[in-house]
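*Asks:* Here you go, one structure.
The values are calculated or read from the model by the stated rules, or taken from the named source; none is laboratory data. Fair warning: this is a prediction, and the values are worked out from it, not measured in the lab. Here the Cβ is made from the backbone with ideal geometry for all residues, glycine too, and neighbour counts use every protein chain on show. Quick note on the areas: whole protein, heavy atoms, side chains included, nothing else; ligands and nucleic acids left out. Shrake-Rupley method; radii C 1.70, N 1.55, O 1.52, S 1.80 Å.
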Amino acid sequence: MTEQGVRWTAEQVLALAPDDASRKAGGRLGGAGPWSQTGGSASGSVWGLCKGSGSKPYRTVVDLTGPAYKCSCPSRKFPCKHALGLLLLWAAEGHVSYTHL
């Protein structure tokens, strides 16, 4: 979608959504509020824990080079709202710190 190191726009992220409901739900998760332990790597992945309705936060990882998505939530949508929210948080610049692995 874009070359490595270049952050996507919110429009590019939302274009990945499978439907309008996912776009809206992902948009609600695009702020720092529900997220903890966010990070990223220079190789092109971002991750974080998203507080949901369950007792444990959802573990979400996005490989930006694919893109490819993995989330511990039970959603059958791909990408799920958590992956969209994490990408929106990352796209907002400066909200996801990078860790070199």
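*Asks:* Those residues that are closer than 15 Å to VAL62 by Cα and either under 11 Å from the mean Cα position of the chain (by Cα) or without any contact (Cβ under 8 Å) to a residue 12 or more places away in the chain (or both), I need them from the stretch 17-28; list them, please.
*Replies:* Of everything in the stretch 17-28, just one residue is closer than 15 Å to VAL62 by Cα and either under 11 Å from the mean Cα position of the chain (by Cα) or without any contact (Cβ under 8 Å) to a residue 12 or more places away in the chain (or both), namely GLY26.
*Asks:* So MET1 fits all but one of (1) at pLDDT below 95; (2) under 14 Å from the mean Cα position of the chain (by Cα); (3) open to solvent by 60 Å² or more (accessible area, probe 1.4 Å); what number is the exception?
*Replies:* Condition not satisfied by MET1: (2).
*Asks:* Has the stretch 32-51 got any residue that is within 11 Å of ALA83 (Cβ to Cβ), within 12 Å of the chain's Cα centre (by Cα) and among the polar types (S, T, N, Q)?
*Replies:* Within the stretch 32-51 (the criterion being within 11 Å of ALA83 (Cβ to Cβ), within 12 Å of the chain's Cα centre (by Cα) and among the polar types (S, T, N, Q)), the answer is no, since none of the residues qualifies.
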